[in-house]
Amino acid sequence: MAGGQFLFDGDNGGINVTSGLAYTFDRDVTTVDPQTGSPTSGPDEILDITGFGLEESFTLLMAGMMPSDDWNHRTPRSGDYWPLFTLWGDDKNWIEFGAVVSEDPDSGAFRVRMMANGDMLDDFDWPRTNDATLVDDQYWSRNSQLLVGLSWNASTHALSVLASLGGDAPRHIGIATAPAPEFSQSFDLLKFRGAEDEVVSFRWFGGKAISGTALPALGANSMAEQFMSLAFLDEV
């Protein structure tokens with residue numbers, strides 16, 4: 001089995017990814033290495049967790065909260081998209097989750113973006129009605145809890161996604177494309193930013209990732225049960 005659990009214990013209950021706006025870092029900053037005292041350079045405000053080795057079927061569960069500075073309403077822009085995290089294999093294989101702000105600043109939606117083996121797939125926004133009409137009823141307000149589940153079924157090549165915002169009932173979408181996507185790289189990295197390194201402020205409490213040839217991906221009902229109990233955040 002591959003995967004892992006990660007729990008953050010910051011001063012404010014979690015860890016804060018700090019940025020007021022979505023932007024891409026195309027510069028490096030120079031700091032002093034605390035171990036050696038020597039200058040070191042690298043991209044600023046980059047938070048990663050590595051070592052998952054997710055392959056075959058897998059499930060990723062995440063728990064976070066909108067920041068108190070409320071980026072949605074502090075800088076409302078019609079049709080904005082705010083990438084929050086990316087499950088990363090390499091630059092040809094990744095799955096990104098983010099927030100959509102509709103023309104009405106009091107509503108919005110969820111979005112998943114994917115690249116599989118170098119093929120960029122269409123964006124998937126939800127919730128939707130049974131006739132596939134987008135329902136932009138997600139209110140991205142300050143201090144709203146966010147729970148997200150991504151579940152990849154290697155047999156059917158379909159992604160099942162569940163999300164709950166602000167204590168609302170989990171909203172589900174099953175993503176299947178034709179032809180079915182084939183990821184050519186296992187997912188070993190979780191980036192707390194967009195696939196193009198856009199950083200958006202958010203508070204993350206933790207999550208859990210599991211995979212393995214003998215483990216089926218969790219279905220929507222199983223992920224919803226995890227949301228209700230928050231069992232995936234229990235310390236191991």
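Results, tabulated for the structure shown:
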| quantity | calculated |
| --- | --- |
| Extended-chain gain in nm, criterion 0.36 nm per residue less alpha-carbon gap, residue 168 and residue 68 | 34.1 nm |
| Cα gyration tensor of segment 90-172 - equivalent ellipsoid semi-axes, whole Å, descending | 24, 14, 13 |
| Computed lengthening from residue 90 to residue 135, 0.36 nm per intervening residue step minus Cα-Cα distance | 13.0 nm |
| Estimated FRET transfer efficiency (residue 158, residue 230; beta-carbon r; R0 22 Å; 0.05) | 0.25 |
| Residue order, fewest to most beta carbons within 10 Å, for 115, 66, 223, 228 | 228, 115, 66, 223 |
| Proxy reagent accessibility, fewest Cβ within 10 Å first, across 56, 96 | 56, 96 |
| Which of 162, 47 has the fewest Cβ neighbours within 10 Å, and the rest in rising order | 47, 162 |
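Any read-out appearing in this document is the output of simple, stated calculations on the displayed coordinates, not a laboratory observation. All values derive from a computational prediction rather than experimental measurement. As a convention, Cβ positions derive from the backbone with ideal geometry for all residues, glycine included, and neighbour counts pool all protein chains shown.
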